[in-house]
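Following this message is one structure expressed as structure tokens.
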Amino acid sequence: MATRVAANVDGSAIGAARARLVIAASSVGTIFEWYDFFIYGTLAPIIGRLFFPSGNETAQFLAALASFGVGFGVRPFGALLFGYLGDRLGRKYTFLATVALMGVATAGVGLVPSYAQLGIGAPIILIALRCLQGLALGGEYGGATTYVAEHAPRGKRGFYTSFIQASVIGGFLLSLVVVLTAQSMVSKTAWDQWGWRIPFLFSLVLLAVSLWMRLKLHESPVFKAMKLAGRISANPLTEAFTTKGNIKLIIVAMLGIAAGLTVIWYTAQFGALYFLQNAERLDDTWTRVLIGIGAVISLGWFILFGSLSDRIGRKPSIVAGYALTLILVFPLFHLMAAGANPGMAEAARRSPVIVYGPRCDYNPFATAGQKTECGQILDHLASKGVTYTKVRTPGVALSVGGRAIADRTPAGIDKALAAGGWSIEKVKPTIRGSIMIVISVVLLGMLSGMTYGPVAALLAELFPARIRYSSMSIPYHIGTGYFGGFLPFISQYIVARTGNPFAGLWYTFAVVAMALVVTIFWVPETLGRDLD
């Protein structure tokens, strides 16, 4: 992981043990921070039922995903606050504060009473804690990457910082492992009542370990050198937006780097998770296990492409990853579908579902039921993950496999779907299907590794030391917070409205296409730049 003595950016040297501690403490803290953040997304279905009850499964799920996105929406404010503190007071103590805030807020989620117990106050408190999580995460990434990059020797900067990038997927993986372990320890009834709180409360243990490790760290050598030379910025935020050329770099980093890599990452992890659970009706436990296996294997991609960027540059890997994503994202999800539930794909081909009506308006957020019969049919089909096509006609009708269905009640629709070969109950995949799913997730992870692995080094090299923490945190968290954080909500909303389980991928495609153009023309190559 490190040479015997690693030359530092300010001309000093750090031993192998210190280099390992720097990487380990920063990476473990980042894993725990992202665990705390992702555990909410992993448990979105049950959070929707307990905190956003509406009698509409789709509305509950979308409300939970919207509150998941709220945490991302707050991240830029965390970037502003902790970026300022990191450039003024130092890297070490700032990201100690972020991990402490995250741990306390996450444990708080595990203590909030449900809607049935507290009423409207329950979702309000939940969203407030979610905002605190987002605030903390807004300061974590910039602190960890800046700290590691400023310790790394110039020729291994991509390799060192790639462990921070891999830590993000490590946090997602840890959230899956803890959820599966906690579920296995209690009955299903107990899990639905109180067991789901265990993963949130477990964050207090992770917080203690993370603080213990980070307290062993020294301040970044670059920051110490600036402090001794009296070159600390008086107002990092003002300087970040007024330094010549810096505002352009912030915009380019936001649109070309942060937005693109984030939608790929969330499509590879949460997009695949919800696609398998909802659209393909795959058993929840099996889904988490297979996504987890794919995530473990994918960890290596981030290290590989981070290290490779030390030789070929940061930009080539990112551009290639964006281009391959545009080519492969739809085929990989079709491969995943074929492995997860081939019966659904076969039913869609042999027994297509067509809904006829004059006004097939469908509101996934409706809590008092859909206003029209056509909307009620679509609502039921969406809750079962059934692909459908809408046709505008004077009267309302439903056909499955070319056969008109007279009984359009939920029970009648389910009976017709079953007769047409549709599997509306949760299924378990075959061994062959499981392998196909894992391969799909690993290849999606490769695309994420190509674009995410080199990014920490690129962002650290892009901005001057005086305002590095602020300048890299702001575009990263605006891009990831708004383009990526709301991806689960936007993609699932598109699926619910269109009845096409693959339609949500067009959001990923559009954002990546934009990022590819911006990166090709405006993102500079940064390999070899000094950080002092």
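I'd like the residue in the stretch 393-420 that is assigned to a strand (DSSP E or B) and of a type in the set (A, V, I, L, M) and, out of all such residues, is surrounded by the fewest Cβ atoms within 10 Å (Cβ to Cβ).
So the first thing to find is which residues in the stretch 393-420 are assigned to a strand (DSSP E or B), and the list is 397-400, 403-404.
From what's left, of a type in the set (A, V, I, L, M): 397-398, 400, 404.
Working: Ala397: 18, Leu398: 24, Val400: 23, Ala404: 11.
The qualifying residue surrounded by the fewest Cβ atoms within 10 Å (Cβ to Cβ) is Ala404.
Oh, and also: Among the residues that make up the stretch 323-339, is at least one of them free of Cβ contacts under 8 Å to residues at least 60 places away in the same chain and hydroxyl-bearing (Ser, Thr, Tyr)? Even if it seems obvious, please write down each step before you answer.
Of the stretch 323-339, the ones free of Cβ contacts under 8 Å to residues at least 60 places away in the same chain are 327, 331.
Now drop any that are not hydroxyl-bearing (Ser, Thr, Tyr), which leaves none.
No, the stretch 323-339 contains no residue that is free of Cβ contacts under 8 Å to residues at least 60 places away in the same chain and hydroxyl-bearing (Ser, Thr, Tyr).
I'd like to know if the stretch 514-521 contains one or more residues that are crowded, with 19+ Cβ neighbours inside 10 Å, assigned to a loop (DSSP other than H, G, I, E, B) and either within 22 Å of the chain's Cα centre (by Cα) or without any contact (Cβ under 8 Å) to a residue 12 or more places away in the chain (or both).
Residues of the stretch 514-521 that are crowded, with 19+ Cβ neighbours inside 10 Å, as a first pass: 515-516, 518-519.
After this cut, where a residue has to be assigned to a loop (DSSP other than H, G, I, E, B) as well, the list is none.
Scanning the stretch 514-521, I find no residue that is crowded, with 19+ Cβ neighbours inside 10 Å, assigned to a loop (DSSP other than H, G, I, E, B) and either within 22 Å of the chain's Cα centre (by Cα) or without any contact (Cβ under 8 Å) to a residue 12 or more places away in the chain (or both), so the answer is no.
Given the conditions (1) free of Cβ contacts under 8 Å to residues at least 60 places away in the same chain; (2) closer than 30 Å to Gly499 by Cβ, which single one is not true for Ile46?
(1) is the only condition that Ile46 fails.
Out of curiosity, is Leu505 of a type outside the set (Ser, Thr, Tyr), closer than 12 Å to Ile257 by Cβ and assigned by TED's automatic domain parsing to the domain that holds Ala63?
Working: of a type outside the set (Ser, Thr, Tyr): yes; closer than 12 Å to Ile257 by Cβ: no; assigned by TED's automatic domain parsing to the domain that holds Ala63: yes.
Spelling it out, it is not the case that Leu505 is of a type outside the set (Ser, Thr, Tyr), closer than 12 Å to Ile257 by Cβ and assigned by TED's automatic domain parsing to the domain that holds Ala63.
Residue-wise test of (1) farther than 14 Å from Arg349 by Cβ; (2) among the hydrophobic types (A, V, I, L, M, F, W, C); (3) touching a residue at least 60 places away in the same chain (Cβ under 8 Å).
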{"position": "Asp379", "(1), (2), (3)": "yes, no, yes"}
{"position": "Ser383", "(1), (2), (3)": "yes, no, yes"}
{"position": "Thr393", "(1), (2), (3)": "yes, no, no"}
{"position": "Val396", "(1), (2), (3)": "yes, yes, no"}
{"position": "Arg403", "(1), (2), (3)": "yes, no, no"}
{"position": "Trp422", "(1), (2), (3)": "no, yes, yes"}
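Still on this model: Looking at the stretch 53-62, can you tell me whether even one residue there is within 30 Å of Thr145 (Cβ to Cβ), out of contact with any strand residue (DSSP E or B) (no Cβ under 7 Å at 6 or more places or on another chain), at pLDDT below 85 and hydrophobic (A, V, I, L, M, F, W, C)?
Quick first cut of the stretch 53-62, residues within 30 Å of Thr145 (Cβ to Cβ) only: none.
Taking every residue of the stretch 53-62 in turn, none turns out to be within 30 Å of Thr145 (Cβ to Cβ), out of contact with any strand residue (DSSP E or B) (no Cβ under 7 Å at 6 or more places or on another chain), at pLDDT below 85 and hydrophobic (A, V, I, L, M, F, W, C).
Do you know which residues across the stretch 183-198 are touching a residue at least 24 places away in the same chain (Cβ under 8 Å) and either loosely packed, with under 13 Cβ neighbours inside 10 Å or of a type in the set (D, E, K, R) (or both)?
Passing the criteria: Asp192, Arg197.
Which condition number in (1) in the same structural domain as Gly155 (by TED's automatic domain parsing); (2) surrounded by fewer than 20 Cβ atoms within 10 Å (Cβ to Cβ) is the one that Leu487 fails?
All conditions pass for Leu487, except number (2).
Still on this structure: Given the condition surrounded by fewer than 17 Cβ atoms within 10 Å (Cβ to Cβ), in contact (Cβ under 8 Å) with a residue 24 or more places away in the chain and more than 30 Å from Met336 (Cα to Cα), answer yes or no: does some residue in the stretch 251-271 qualify? Before the answer, list the steps.
Step one: filter the stretch 251-271 for residues surrounded by fewer than 17 Cβ atoms within 10 Å (Cβ to Cβ), giving 251.
Now narrow it down to the ones that are in contact (Cβ under 8 Å) with a residue 24 or more places away in the chain: 251.
With the extra rule that they be more than 30 Å from Met336 (Cα to Cα), the set shrinks to 251.
Within the stretch 251-271 (the criterion being surrounded by fewer than 17 Cβ atoms within 10 Å (Cβ to Cβ), in contact (Cβ under 8 Å) with a residue 24 or more places away in the chain and more than 30 Å from Met336 (Cα to Cα)), the answer is yes, since at least one residue qualifies.
Considering only residues of the stretch 206-249 that are hydroxyl-bearing (Ser, Thr, Tyr) and without any contact (Cβ under 8 Å) to a residue 12 or more places away in the chain, which is surrounded by the most Cβ atoms within 10 Å (Cβ to Cβ)? Break it down stepwise before answering.
Taking the stretch 206-249 and keeping what is hydroxyl-bearing (Ser, Thr, Tyr), we get 210, 220, 233, 238, 242-243.
Now narrow it down to the ones that are without any contact (Cβ under 8 Å) to a residue 12 or more places away in the chain: 238, 242.
Details: Thr238: 13, Thr242: 11.
Taking the candidates together, the pick is Thr238.
Say whether the condition of being over 25 Å from Leu237 (Cα atoms) and in contact with a helix residue (DSSP H, G or I) (Cβ under 6 Å, 6 or more places away or on another chain) is met by at least one residue in the stretch 72-94.
Initial filter on the stretch 72-94 (over 25 Å from Leu237 (Cα atoms)): none.
No: the stretch 72-94 contains no residue that is over 25 Å from Leu237 (Cα atoms) and in contact with a helix residue (DSSP H, G or I) (Cβ under 6 Å, 6 or more places away or on another chain).
Which one of these is surrounded by fewer than 24 Cβ atoms within 10 Å (Cβ to Cβ) and assigned by TED's automatic domain parsing to the domain that holds Glu461: Gly121, Gly139, Gly158?
On the way: Gly139 fails: surrounded by fewer than 24 Cβ atoms within 10 Å (Cβ to Cβ); Gly158 fails: surrounded by fewer than 24 Cβ atoms within 10 Å (Cβ to Cβ).
Just a single option satisfies the conditions, and that option is Gly121.
The values are calculated or read from the model by the stated rules, or taken from the named source; none is laboratory data. On a predicted model such as this, the values are computed, not experimentally measured, just so you know. Ideal geometry is used to build each Cβ from the backbone, glycine not excepted, and the neighbour counts take in all protein chains shown.
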